[in-house]
1. Counting only residues that are over 12 Å from the mean Cα position of the chain (by Cα) and of a type in the set (Phe, Trp, Tyr), which one in region 117-168 is farthest from Ile216 (Cα to Cα)?
2. Residue by residue through region 67-84, note down the ones that are among the aliphatic types (A, V, I, L, M) and more than 21 Å from Val6 (Cβ to Cβ).
3. Within region 177-209, take every residue that is surrounded by 18 or more Cβ atoms within 10 Å (Cβ to Cβ) and small (Gly, Ala, Ser) and give me the one that is farthest from the chain's Cα centre (by Cα).
4. Could you please find all residues in region 71-93 being modelled with pLDDT under 95 and in a strand (DSSP E or B)?
5. Taking Ser107, is it polar (S, T, N, Q) and either crowded, with 16+ Cβ neighbours inside 10 Å or under 18 Å from Thr186 (Cα atoms) (or both)?
6. I need the full set of residues from region 33-67 which are among the basic types (Lys, Arg) and at pLDDT 95 or above, in order please.
7. Could you please let me know if Glu45 is in contact (Cβ under 8 Å) with a residue 60 or more places away in the chain, exposed (fewer than 13 other Cβ atoms within 10 Å of the Cβ) and either assigned by TED's automatic domain parsing to the domain that holds Ala133 or in contact with a His (Cβ under 7 Å, 6 or more places away or on another chain) (or both)?
Amino acid sequence: MSIRLVRKLSQFTPLSNGDAQALNRLSEARLRLYQPRDTIMHEGEPPKVINLYLDGWAYRHKDLANGKRQITSIFVPGDLCDVNVFVLDRMDHSVSALTSVAVAEISRSAFEQLISEHPRIAQALWWETLVTAAIQREWTTNLGQRDAAERISHLFCELFVRLQSVGLTSGNSCPLPLSQAEIGETTGLTIVSVNRVLQDFRRTKLIALKRKTLTILDFEALKQRAMFNPNYLHLGRTDHAFSTEGEESTGLPSQDEETDE
């Protein structure tokens, strides 16, 4: 089931039950499972499918000849990996599993049929593509203009809000399966710098990290430390271009009402 994707896209454009059912059928087409550190898509290979992440975390990365790596995106359940990937002849980056991952592989023909038959889904996916670009701009700003503590706190705030939007938080806690090395590869910092910042966050009671779970003890203080403004995620839009008059809504629960599947 693609309830995470339905919830996410519904924040950009209201979806009907028919839209939700179409997304669910798409997610059940071809399931692939990956183990941590498996490569899902290799740089240099021709793209064949769009990956819909149903469970687990993955990341987009660039690997340099000297062995260094930069993580440029993080995928969580409900994320689609590049809806426009078919315009590429070859992948210019790699995607790997951070945890055990379950993905639904969507073929080009199935995707094109989906957006042709469901205009609300097509519009929501345009919004999702624009939000992905907005996230990349924030990550670029992170690397160029924020200090070490600001970069890490911004990353934590963003991940929490993204997970909350698809029902994957519990109170002020969320999963965080990133190691200190992987946080460094995401934020352009050394492990020493990451460790120093995390120790300071713990000492000042901003966060707690235990068993791959992040608990934000003072979200407002962490937001201020990061200069975090969630507007670039464009969640909870109300100025939808499509009217749902005469159609049944998806009936998805609010974030406060949803329980774990």
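1. Trp126
2. Filtering region 67-84 down to residues among the aliphatic types (A, V, I, L, M) leaves 71, 74, 76, 80, 83.
Result: Ile71, single match.
3. This residue is Ser193.
4. Selection gives Leu80, Cys81.
5. Numbers: polar (S, T, N, Q): yes; either crowded, with 16+ Cβ neighbours inside 10 Å or under 18 Å from Thr186 (Cα atoms) (or both): no.
In short, no.
6. Initial filter on region 33-67 (among the basic types (Lys, Arg)): 37, 48, 60, 62.
Selection gives Arg37, Arg60, Lys62.
7. Numbers: in contact (Cβ under 8 Å) with a residue 60 or more places away in the chain: no; exposed (fewer than 13 other Cβ atoms within 10 Å of the Cβ): yes; either assigned by TED's automatic domain parsing to the domain that holds Ala133 or in contact with a His (Cβ under 7 Å, 6 or more places away or on another chain) (or both): yes.
No, not satisfied.
The values are calculated or read from the model by the stated rules, or taken from the named source; none is laboratory data. This structure is a prediction, so every number in the text was calculated from the model and none was measured. Cβ: placed from backbone, ideal geometry, glycine included. Neighbour counts: every protein chain shown.
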